[in-house]
Amino acid sequence: DTACNSTLTDYDGNVYHMVRLGTQCWMKENLRTTHFPNGEEIPVFVDNDMSGTPYRYANGDVNIYGYNYNWHAAAYNVPATETTTIQGVCPNGWHLPSLAEWTTLRNYVESQSNYHCGDNTGYIAKALASATTDWRSSSTACAPGNEVSTNDMTGFSALPAGVHSGNYPIGYCTLFWTSNN
């Protein structure tokens with residue numbers, strides 16, 4: 001549909017591009033909003049005493065990597081017993097993907113032989129990883145940091161934004177929230 005070929009805008013006016021993979025439409029950029037869709041500001045991570053508080057954390061250049069959001073921000077204003085779609089920090093009209101939606105994405109990419117690395121249908125990380133030089137260089141075949149020019153066959157463009165908790169700086173990995181386990 002044409003909606004997936006257009007852009008979307010968050011509360012702050014940041015514009016994001018999308019990509020269609022199979023029957024699904026995905027954002028191909030990390031969120032960089034400083035506000036929830038209702039206009040409430042998302043606090044910046046200050047110290048280790050913010051458990052239970054929604055926050056955002058800049059792990060590098062926000063214009064490139066976006067913000068890392070903790071669960072309380074990602075699933076903002078959702079009761080713990082909620083089982084429906086969770087908008088959370090996502091722009092209006094969008095939601096955190098469920099595990100089933102991630103599985104659908106994985107199954108689609110695995111079903112397309114041109115997205116495989118080598119002969120293994122499960123080696124799809126390179127097809128989803130951005131083709132930037134930001135990935136940590138790797139000599140391991142099929143790792144996103146190995147021959148980055150062959151990454152991003154899908155257009156999903158996942159960046160190695162790192163993880164706030166733990167010792168995973170930019171270049172090593174990226175993680176995504178799901179609305180359920």
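The values are calculated or read from the model by the stated rules, or taken from the named source; none is laboratory data. A quick note: this is a predicted structure, and the numbers were derived from the prediction, not measured. So basically every Cβ, Gly included, is an ideal-geometry build from the backbone, and we count neighbours across all protein chains shown. Only protein heavy atoms, including side chains, enter the accessible area calculation; ligands, DNA and RNA are left aside. Shrake-Rupley method; radii C 1.70, N 1.55, O 1.52, S 1.80 Å.
Cysteines without a disulfide-compatible partner in the chain, using Cβ under 4.7 Å as the rule?
If one checks each Cβ against the other cysteines of the chain, C90, C173 turn up with nothing under 4.7 Å.
Where the centre of each part is set by its Cα atoms, how far does the range 24-45 sit from the range 115-143, in angstrom?
Between the Cα centre of the range 24-45 and that of the range 115-143, the gap is 27 Å.
Which order do you get for W94, W71 if you rank them by accessible area with a 1.4 Å probe, largest at the top?
Per-residue accessible area, sorted high to low, gives W71, W94.
Apply 1/(1 + (r/R0)^6) to the Cβ-Cβ distance of T121 and S149, taking R0 = 25 Å, and write down the FRET efficiency to the nearest 0.05.
After rounding, the FRET efficiency stands at 0.65.
Taking a 1.4 Å probe, which of Y168, Y115, Y108 shows the most accessible area, and what order do the others take after it?
Y168, Y108, Y115
Once phi is turned into θ = phi - 60°, what whole-Hz ³J(HN,Hα) does the Karplus curve with 6.51, -1.76 and 1.60 give for every residue of the range 108-119, x standing for Gly and Pro?
Working through the residues one at a time gives 5, 4, 5, 7, 9, 4, 6, 9, 7, 9, x, 8 Hz.
³J(HN,Hα) across the range 30-35 via Karplus (A = 6.51, B = -1.76, C = 1.60, θ = phi - 60°), whole Hz, x for Gly/Pro?
The phi angles translate into 6, 4, 9, 7, 9, 9 Hz.
Compute, for S149, the solvent-accessible surface of its heavy atoms (probe 1.4 Å) with the complete set of protein chains present, and express it in square angstrom to the nearest 10.
100 Å²
Non-local amide H neighbours of H35 (under 5 Å, H modeled in plane, Pro and chain starts lacking H): which ones?
D12, I42
Here are a few candidate values for mean projected area of the Cα convex hull in nm²: [x] 15.1; [y] 10.9; [z] 12.3. Which one was actually calculated from the structure I just gave you?
[y]
So for E29, E41, what's the accessible-area order with a 1.4 Å probe, most first?
So the residues, ranked largest to smallest area, are E41, E29.
In square angstrom, rounded to the nearest 10, how much accessible surface does T53 have for a 1.4 Å probe?
Looks like 50 Å² after rounding.
Tabulate in residue order the Karplus-calculated ³J(HN,Hα) for the range 55-72, using 6.51 cos²θ - 1.76 cosθ + 1.60 with θ = phi - 60°, rounded to whole Hz; enter x for Gly and Pro.
For the range 55-72, the Karplus-derived couplings read 8, 10, 9, 8, 10, x, 5, 4, 5, 9, 9, x, 9, 8, 10, 6, 4, 5 Hz, x marking Gly and Pro.
If you roll a 1.4 Å probe over the heavy atoms of the protein chains, what accessible area per residue do you get for the chain, in Å²?
Averaged over the residues of the chain, the accessible area is 55 Å².
Hey, if you put +1 on the Cβ of every Lys and Arg and -1 on every Asp and Glu Cβ in the range 104-181, which of L175, G122, S138 ends up farthest toward the positive end of that dipole?
Positive-most Cα among the choices belongs to L175.
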